[in-house]
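Reviewing the structure listed below.
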Amino acid sequence: MKLKEQLKTFAPIDLKQMDRVKLLRCFDTKYLISEKRVSDLLPSLVRDYFILEIDGNRIASYHTAYLDTPDKTYYKHHHQGRNKRHKVRFRTYVESCLSFLEVKLKDKGKTNKKRIISTQNNSLDEAQKAFLSEWINEDLEQLNTSLENTFQRVTLVHKREQERVTIDFNLNFVLENQTIPLDEQVIIEIKQSRVNTNSVISKLLRSKLIRPLRLSKYCIGCILMDDGLKYNRFKSKLLKINQIQTVWNF
């Protein structure tokens with residue numbers, strides 16, 4: 001059964017209904033699998049999860065522009081494994097033409113996201129700088145677009161628990177005139193108000209021997225676009241990506 005047909009089997013939920021599970025502060029757990037394996041997982045989730053539907057669409061398109069300093073300060077902080085780190089990005093919801101300037105703050109495993117509505121996504125205006133200065137200490141004049149990506153997302157919402165699941169696919173990294181697609185890889189992210197390794201999807205993934213993987217789209221994209229970056233801590237992630245890219249039934 002094709003993905004779109006499988007998604008029709010889920011009961012829908014709209015944005016207003018999903019507000020109860022907004023989870024701007026959450027614990028997140030990521031997994032990297034092949035697109036083929038997603039189709040094997042979905043039937044087991046229908047009973048316990050709603051699917052986000054907006055204007056009849058159950059698959060949403062995203063565009064992200066990441067900001068960093070010329071020497072990749074945010075990338076380096078992640079590579080160094082700092083407990084406290086952050087990312088700055090413009091996130092655009094393509095179908096709704098709605099954009100936000102976002103700061104993702106990571107502190108000892110918990111993610112806290114702050115954002116404001118944005119009317120532009122290629123440079124910072126004074127209001128945006130004022131917003132960022134509340135949360136980060138870097139020289140804002142040094143921040144420029146260091147990477148872009150596009151992807152499509154399916155969002156599932158647990159019917160009873162404070163849990164959301166995002167399924168990202170058709171991922172493309174873009175820098176200037178270069179594009180690198182990761183069209184066979186799918187990133188599943190479980191977002192919870194508190195860590196629950198016994199949730200329906202957590203147990204399902206574990207039963208399929210699918211293990212969590214600490215993964216950053218930004219860091220992976222930076223490595224793929226710039227072979228001069230140090231990436232020792234991320235070698236296992238790149239190996240996993242290459243395995244899925246070359247072995248379809250991973």
- Item | Residue check for residue 166: hydroxyl-bearing (Ser, Thr, Tyr), without any contact (Cβ under 8 Å) to a residue 60 or more places away in the chain and surrounded by fewer than 14 Cβ atoms within 10 Å (Cβ to Cβ) | no
- Task: Consider residue 195 carefully, then state whether it is more than 15 Å from the chain's Cα centre (by Cα), of a type outside the set (Ser, Thr, Tyr) and not in a helix (DSSP H, G or I).
- Result: yes
- Query: Given the conditions (1) of a type outside the set (D, E, K, R); (2) touching a strand residue (DSSP E or B) at 6+ places or on another chain (Cβ under 8 Å); (3) surrounded by fewer than 19 Cβ atoms within 10 Å (Cβ to Cβ); (4) outside any strand (DSSP E or B), which single one is not true for residue 181?
  - Reply: (4)
- Message: Quick check on residue 137: is it touching a Ser or Thr at 6+ places or on another chain (Cβ under 7 Å) and more than 28 Å from residue 167 (Cβ to Cβ)?
- Response: no
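Could you pull out the residue among 132, 147, 124 that is assigned to a strand (DSSP E or B) and either of a type in the set (A, V, I, L, M) or touching a strand residue (DSSP E or B) at 6+ places or on another chain (Cβ under 6 Å) (or both)? First the steps, then the outcome.
Details: 132 fails: assigned to a strand (DSSP E or B); 124 fails: assigned to a strand (DSSP E or B).
Result: 147 is the single residue among 132, 147, 124 that is assigned to a strand (DSSP E or B) and either of a type in the set (A, V, I, L, M) or touching a strand residue (DSSP E or B) at 6+ places or on another chain (Cβ under 6 Å) (or both).
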- Search region 111-156 for residues being crowded, with 20+ Cβ neighbours inside 10 Å and of a type in the set (Val, Ile, Thr), and hand back the single one that is farthest from residue 226 (Cα to Cα). 155
- Spot the failing condition for residue 223; the list is (1) in contact with a helix residue (DSSP H, G or I) (Cβ under 8 Å, 6 or more places away or on another chain); (2) without any contact (Cβ under 8 Å) to a residue 60 or more places away in the chain; (3) assigned to a strand (DSSP E or B); (4) surrounded by 17 or more Cβ atoms within 10 Å (Cβ to Cβ), and only one is missed. (3)
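Could you grab me the full set of residues in region 1-21 that are part of a strand (DSSP E or B) and within 13 Å of residue 158 (Cβ to Cβ)?
13
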- Specify which of the listed residues (159, 129) is farther than 30 Å from residue 199 by Cβ and either among the acidic types (Asp, Glu) or over 18 Å from the mean Cα position of the chain (by Cα) (or both). 129
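Laboratory data are not the source of any read-out in this text; all were calculated from the coordinates shown. Not measured: the values here are computed from a predicted model. Here the Cβ is made from the backbone with ideal geometry for all residues, glycine too, and neighbour counts use every protein chain on show.
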